[in-house]
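As structure tokens, the structure follows; a few thoughts come after it.
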Amino acid sequence: MKITQRALAGTVESSDCMVMLLPAEELSIEIDSIVKQQYGHVIEKLVRDMLKKFDVTAGLVKIQDQGALDCVIEARVETALRRAGKEAKA
Amino acid sequence: MRRSMLFLPGNTPNIIMNADVLGADSVILDLEDAVAPNQKDAARILVRNALKTMDFAGCEVIVRINPLSSGEWEADLEEIIPWGPDVIMPTKIGSSQDVQTISACISRIEEKHHMEVGHTKLMPLIETARGVENSFHIAEADPRVCAIFIGCEDLTADLCCERTKEGHEVFYARSRVVCAARAAGIDVYDTPFTDINDDEGLRKDSEFAKGLGFSGKACINPRQVDTVNAVFSPSEEAITYAKRVFQVIEEGKRMGRGAVALDGKMIDKPIVDRARRVLEMAELIQKKVTVHE
Amino acid sequence: MSKLVSSLTEAIQKCGLKDHMTISFHHHLRNGDYVLNKVLDAISELGIKDLTVNASSIFDIHEPILKHIKSGVVTGLEVDYMGQTVGEAISHGALAKPVVFRTHGGRPAAIESGRTPIDVAFVAASQSDEMGNCTGKYGKSACGALGYAMSDARCAAKTVVVTDDLEPYPLQGFSIPETDVDYVVAIDAIGNPAGIVSGTTKITRDPVGLKMADMAIQVIQASGLLKDGFSFQTGAGGASLAAAVFLKDLMLEKKIKGSFVMGGITGYLVDLLESGCFRNIMDVQCFDMKAVESLAHDPRHMEVSASHYASPTAKSSIADQLDVVILGATQVDTNFNVNVHTNSRGIIMGGSGGHTDIAAGAKLSMIVAPLSRARMSLVVDRVQTISTPGSTVDVVLTQRGIAVNPRREDLQVQLKKAGLPVVSIETLKKTAEEINGIPEPLALGSRIVAEVEGRDGKLLDHIYEVL
């Protein structure tokens with residue numbers, strides 16, 4: 001499934017993360033994080049797993065992370081995906 | 001034991017992360033008033049994930065859901081219930097029917113997720129004139145109801161009166177809900193004190209509530225927690241007295257006496273019950289302080 | 001005779017400033033300082049190059065120094081503290097020679113011993129007479145104490161006072177005497193008052209900060225140090241000010257009369273003086289208007305030099321008289337070493353200031369900081385930069401537990417007895433990792449961009465280039 005509509009979730013406050021979804025032909029993830037060196041890989045894996053769970057195969061996912069914990073990043077990605085009309089696979 | 005219940009906004013990761021260190025016996029993760037209408041979805045997902053992953057060591061978690069009129073409450077429950085919050089706080093409860101509607105929905109979700117049906121407790125928030133008048137029926141509406149909680153901000157609006165610090169306007173309502181809860185054999189919690197900079201006012205208001213029979217009080221700011229905890233903790237004198245009550249009972253048993261007296265006063269069942277509650281609470285507080293390594 | 005000269009350029013020329021020399025500045029005008037930038041501009045126009053700038057601190061307003069580094073006017077930098085704007089450029093290798101970081105006590109010690117000679121000291125002063133008796137206490141650009149300028153003025157080969165309020169000789173209430181001064185320059189404005197001091201400093205509203213402040217006061221109480229004659233220092237940030245407020249309530253309640261507070265002075269510490277909790281304030285630097293007012297008018301509030309404050313080579317210093325200090329940290333390691341120099345990306349955004357000095361001097365030095373900030377754990381295996389050695393740190397206090405340095409077993413016993421949540425530093429580290437996950441190590445370049453000296457002037461650590 002492709003991302004067909006823009007969606008936004010989260011904030012840029014400390015310990016939060018903002019997720020933006022944009023329609024695109026291919027799947028790509030852009031991560032900007034104040035802890036990218038320390039947790040960049042963890043964040044990317046987390047986002048990829050979420051996209052898989054929601055069966056997203058194409059779209060641009062932009063993450064602007066202010067040091068959010070995994071459960072917060074997951075919540076913001078899920079919120080954005082649902083706002084874009086996506087549902088998790090059963 | 002819930003001396004203090006601290007409201008925390010449900011959509012603020014930074015605050016939720018530290019919910020368990022703020023000293024409150026319970027935290028109320030709020031999906032209602034503290035969350036903007038267009039962020040309800042985000043908040044319930046965030047609170048759900050927090051329940052899923054965080055420990056909240058030694059701190060009870062209550063989730064306040066949106067009112068029946070909102071069209072959000074069922075979605076709140078769908079997300080939250082499977083992750084086992086200790087208590088759900090439904091808002092603007094006006095009748096026993098309201099409670100039963102919510103309880104039935106929770107039962108469906110519990111069943112769907114193979115949870116023990118009835119596991120999730122309810123603490124209805126009474127904040128309308130109708131709710132106050134129906135408070136006994138609300139307290140008795142369902143086995144899930146573990147306590148009721150009065151919210152005087154919305155209530156005064158409904159009563160068409162001004163909310164004052166002295167609180168004369170809500171004296172009847174507070175007394176009424178205490179009586180209703182006690183008649184139903186459950187706990188009852190008092191409205192928060194809204195001036196976060198008036199510690200003396202908070203202390204007085206808490207002492208007044210304790211005097212009416214409330215089990216504890218809600219806080220809207222972490223700064224209020226210590227004062228509320230202090231007021232609703234048993235005093236040193238009360239603990240000493242309670243210990244003496246059990247001492248004389250023991251002595252009486254040894255001497256084969258049926259009735260015993262302390263300081264010239266007969267010890268009857270209400271005194272024993274109260275002494276037991278005091279000691280149980282003192283023990284819980286002691287545990288809370290020494291929960292560390 | 002008058003020492004008044006017409007311009008900064010004339011003063012620079014009269015001082016005989018030449019290539020390869022060292023000039024110095026103080027940071028009492030903080031993020032409102034115009035003087036450092038104006039002097040460097042004037043020097044640059046004169047074509048003088050290859051200078052070392054020895055400044056007690058560099059703030060974001062000093063960003064133009066980067067331009068002078070690029071053009072070769074400035075080739076060496078020695079500071080006690082550096083804000084992130086210049087710090088970021090330095091971390092990315094803007095300066096060929098490593099920056100030298102000292103402590104607020106180590107700097108005057110190095111100046112006075114002749115180890116770091118200053119050729120020309122530029123002393124911004126909000127009032128001066130034409131012979132150079134000057135102060136920061138009065139005038140439109142008042143900044144309060146001039147503690148960090150005093151060794152510079154006394155020891156530099158030449159000293160230039162830069163003021164925007166020239167008063168008739170002799171200036172009443174001078175902080176630096178004419179005996180130290182060679183030239184006086186009057187300019188329109190030495191700084192922007194809005195950046196010099198904040199109107200008011202406010203205590204934190206962050207619930208975790210308040211919680212930690214409350215815990216910190218309990219630690220002080222449990223330590224047994226809180227009695228008549230008590231002395232205290234705290235920073236201006238986060239939980240520190242809240243701790244000062246809670247301390248006031250406790251001292252009033254217990255009727256304890258302290259001897260002095262040291263600082264970095266804010267209005268909250270002035271409150272401690274005015275409410276009778278302490279007999280005196282020892283002030284090396286003012287953080288807000290209330291502190292400036294108090295220093296100007298209350299004789300109990302005394303101005304001291306950086307050397308008097310914290311020099312390890314002075315015959316004695318205030319730092320060594322302190323009972324309790326509350327300090328911040330960006331990182332602490334399991335050996336109790338503290339980092340206040342670099343952030344999560346390894347970029348310079350601070351410095352020891354007085355941190356290292358008072359940690360060494362005080363009977364109880366307590367780090368107060370949240371266990372996790374934006375997914376960065378406070379407690380790690382090895383701090384990115386050692387700013388303050390762990391051997392001088394007694395307590396690390398977080399909202400999730402208090403660790404006591406094992407060499408302070410006495411204190412550990414006291415805190416446990418008081419029912420405080422004492423845990424090992426390893427437990428704190430583990431708790432932080434459970435919250436945040438285990439971080440990948442920071443990958444840095446191999447080039448050294450800064451050297452951190454301990455208060456004794458010996459090398460404590462290196463700061464590496466950020467790629």
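For the range C:184-228, filtering for residues that are outside any loop (DSSP other than H, G, I, E, B), open to solvent by 50 Å² or more (accessible area, probe 1.4 Å), more than 14 Å from chain B (Cβ to nearest Cβ) and within 25 Å of C:P421 (Cα to Cα) leaves 1. The set of residues in the range B:175-202 that are closer than 24 Å to C:Q218 by Cα and more than 14 Å from chain C (Cβ to nearest Cβ) comprises B:D198, B:L202.
Screening the range B:37-53 for residues that are open to solvent by 10 Å² or more (accessible area, probe 1.4 Å) and more than 7 Å from chain A (Cβ to nearest Cβ) and picking the one that is nearest to B:D86 (Cα to Cα) gives B:L51.
Taken as a whole, the structure leaves B:R108 outside the set of residues that are at pLDDT 95 or above, open to solvent by 10 Å² or more (accessible area, probe 1.4 Å) and under 18 Å from A:G10 (Cα atoms).
Among the residues making up the range A:55-70, those that are within 8 Å of another protein chain (Cβ to nearest Cβ) and crowded, with 20+ Cβ neighbours inside 10 Å are A:Q66, A:G67, A:A68, A:L69. Within the range B:232-259, being aliphatic (A, V, I, L, M) and in contact with a strand residue (DSSP E or B) (Cβ under 8 Å, 6 or more places away or on another chain) holds for B:V245, B:V248, B:A259.
Against the definition (charged (D, E, K, R) and open to solvent by 40 Å² or more (accessible area, probe 1.4 Å)), how does A:E78 come out, yes or no? Considered against the rule, which asks whether it is charged (D, E, K, R) and open to solvent by 40 Å² or more (accessible area, probe 1.4 Å), A:E78 comes out as no. Identify all residues within the range A:11-54 that are assigned to a loop (DSSP other than H, G, I, E, B) and within 14 Å of chain C (Cβ to nearest Cβ); write none if there are none. Residues satisfying the conditions are A:T11, A:V12, A:E13, A:S14, A:S15, A:D16, A:I34, A:V35. Across the range B:170-181, not a single residue is classified as of a type outside the set (S, T, N, Q), assigned to a loop (DSSP other than H, G, I, E, B) and open to solvent by 10 Å² or more (accessible area, probe 1.4 Å). Among the residues examined, C:V466 does not qualify as within 27 Å of the chain's Cα centre (by Cα), more than 10 Å from every other protein chain (Cβ to nearest Cβ) and touching a residue at least 40 places away in the same chain (Cβ under 8 Å). Tally the residues that are open to solvent by 60 Å² or more (accessible area, probe 1.4 Å) and either among the charged types (D, E, K, R) or closer than 16 Å to C:A156 by Cβ (or both), restricting the search to the range C:31-40. Going through the range C:31-40 one residue at a time, the tally reaches 1. Beta carbons closer than 7 Å, at least 6 apart along the sequence or on distinct chains, pair a first residue in the range B:211-222 that is within 14 Å of chain C (Cβ to nearest Cβ) with a second that is of a type in the set (A, V, I, L, M) and assigned to a loop (DSSP other than H, G, I, E, B) for B:C219/B:A24; B:I220/B:I196; B:N221/B:I196; B:P222/B:L22. In the range B:43-58, is there at least one residue being in contact (Cβ under 8 Å) with a residue 40 or more places away in the chain, closer than 22 Å to B:D187 by Cα and under 20 Å from the mean Cα position of the chain (by Cα)? Looking for residues that are in contact (Cβ under 8 Å) with a residue 40 or more places away in the chain, closer than 22 Å to B:D187 by Cα and under 20 Å from the mean Cα position of the chain (by Cα), one finds at least one in the range B:43-58, hence yes.
Scan the range C:411-430 and tell me whether some residue there is within 14 Å of chain A (Cβ to nearest Cβ) and modelled with pLDDT under 95. No. For the range B:79-86, the count of residues that are more than 30 Å from C:T398 (Cβ to Cβ) and either within 14 Å of another protein chain (Cβ to nearest Cβ) or free of Cβ contacts under 8 Å to residues at least 24 places away in the same chain (or both) is at least one. Inspection of the range C:183-198 identifies at least one residue that is among the hydroxyl-bearing types (S, T, Y), modelled with pLDDT under 95 and under 20 Å from the mean Cα position of the chain (by Cα).
Pairs meeting the criteria (first residue in the range B:158-178 and outside the structural domain of B:T191 (by TED's automatic domain parsing), second residue surrounded by 16 or more Cβ atoms within 10 Å (Cβ to Cβ) and charged (D, E, K, R), beta carbons under 8 Å, at least 6 apart or on different chains) are lacking.
Within the range C:383-393, identify whether any single residue is within 14 Å of chain A (Cβ to nearest Cβ) and modelled with pLDDT of 95 or more, and answer yes or no. Within the range C:383-393, one or more residues are within 14 Å of chain A (Cβ to nearest Cβ) and modelled with pLDDT of 95 or more. In the range B:1-36, which residue that is over 18 Å from B:I81 (Cα atoms) and among the small types (G, A, S) is nearest to the other protein chains (Cβ to nearest Cβ)? Of everything passing the filter in the range B:1-36, B:G23 is nearest to the other protein chains (Cβ to nearest Cβ).
Counting only residues that are modelled with pLDDT of 95 or more, open to solvent by less than 20 Å² (accessible area, probe 1.4 Å) and not in a loop (DSSP other than H, G, I, E, B), the range B:183-224 holds 12 of them.
How about the range C:111-132: which of its residues are open to solvent by less than 10 Å² (accessible area, probe 1.4 Å) and in contact with a Phe, Trp or Tyr (Cβ under 6 Å, 6 or more places away or on another chain)? Matches in the range C:111-132: C:F122, C:D129.
Selection of strands (runs of 3 or more DSSP E) fully inside the range C:1-85 by the criterion of at least 1 residues being in the same structural domain as C:T163 (by TED's automatic domain parsing) and either under 23 Å from C:S352 (Cα atoms) or not hydroxyl-bearing (S, T, Y) (or both) returns C:22-25, C:51-55. With respect to C:S307, is the statement that it is touching a Pro at 6+ places or on another chain (Cβ under 7 Å) and outside any loop (DSSP other than H, G, I, E, B) true? When the stated conditions are applied, C:S307 passes them.
Taken together, the residues in the range C:95-110 that are among the β-branched types (V, I, T) and open to solvent by less than 10 Å² (accessible area, probe 1.4 Å) amount to 2. For the range A:17-27, state whether one or more residues are touching a Pro at 6+ places or on another chain (Cβ under 9 Å) and within 22 Å of A:A88 (Cα to Cα). Yes. Annotation: C:F246 fulfils all but one of (1) in contact (Cβ under 8 Å) with a residue 40 or more places away in the chain; (2) open to solvent by 30 Å² or more (accessible area, probe 1.4 Å); (3) among the aromatic types (F, W, Y); the unmet one is (1). A Cβ distance below 6 Å, combined with a sequence gap of six or more or placement on separate chains, defines the contacts here; from the range B:266-293, residues that are away from chain C (no Cβ under 12 Å) and at pLDDT below 90 reach no residue that is open to solvent by 100 Å² or more (accessible area, probe 1.4 Å) and part of a helix (DSSP H, G or I). Considered as a group, the residues in the range C:411-429 that are part of a helix (DSSP H, G or I) and open to solvent by less than 80 Å² (accessible area, probe 1.4 Å) include one that is farthest from C:V338 (Cα to Cα), and that residue is C:Q414. Listed by position, the strands (runs of 3 or more DSSP E) inside the range C:229-289 whose residues that are among the hydrophobic types (A, V, I, L, M, F, W, C) number at least 3 are C:258-265, C:278-286.
The values are calculated or read from the model by the stated rules, or taken from the named source; none is laboratory data. The structure displayed is predicted, hence computed values, not measured ones. For neighbour counting, all protein chains shown are included, and Cβ atoms are generated from backbone atoms with ideal geometry for every residue, glycine included. With ligands, DNA and RNA removed, areas are computed over all heavy atoms of the protein, side chains included. Shrake-Rupley method; radii C 1.70, N 1.55, O 1.52, S 1.80 Å.
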